[in-house]
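Inspection log for the structure reproduced underneath, given as structure tokens.
The values are calculated or read from the model by the stated rules, or taken from the named source; none is laboratory data. This one's a predicted model, so the numbers in the text were calculated from it and none came from an experiment. Note: areas computed on protein heavy atoms with side chains; ligands, DNA, RNA excluded. Shrake-Rupley method; radii C 1.70, N 1.55, O 1.52, S 1.80 Å.
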Amino acid sequence: MKILLDEIMTEKNISLRQLERLSGVPKSTIHDILSGTMPKMDIMEKLAKGLKVHIEELYQSPYK
């Protein structure tokens, strides 16, 4: 499974700091996810809400 956070942030022109404010997820956690760490579902929910996307849009998987 691949997290598509970087692609969505680029598409929406949102910086790390902006996403931190929008989602309530610490910048360090977002950085870890961008570096390959797999986030917990509650973090994915916060990111999806902050980015105003469906949670399914945050990841790529053949099992969606």
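Pairs of Cα atoms nearer than 8 Å and 6+ residues apart set the relative contact order; for the stretch 14-64 it is 34 percent. Only one item in (i) 10.6, 31; (ii) 16.3, 62; (iii) 10.9, 29 matches Rg and Dmax of the Cα atoms in Å derived from the coordinates shown, and that item is (i). Non-local lysine pairs in the chain, meaning eight or more places apart or on different chains, with alpha-carbon distances under 15 Å, amount to 6. For the chain, the solvent-accessible area works out to 71 Å² per residue, with a probe of 1.4 Å and every protein chain left in place. Keeping the other protein chains in place, figure out the carbon and sulfur percent of the accessible area of the chain, with a 1.4 Å probe. Of the solvent-accessible surface of the chain, carbon and sulfur hold 51 percent.
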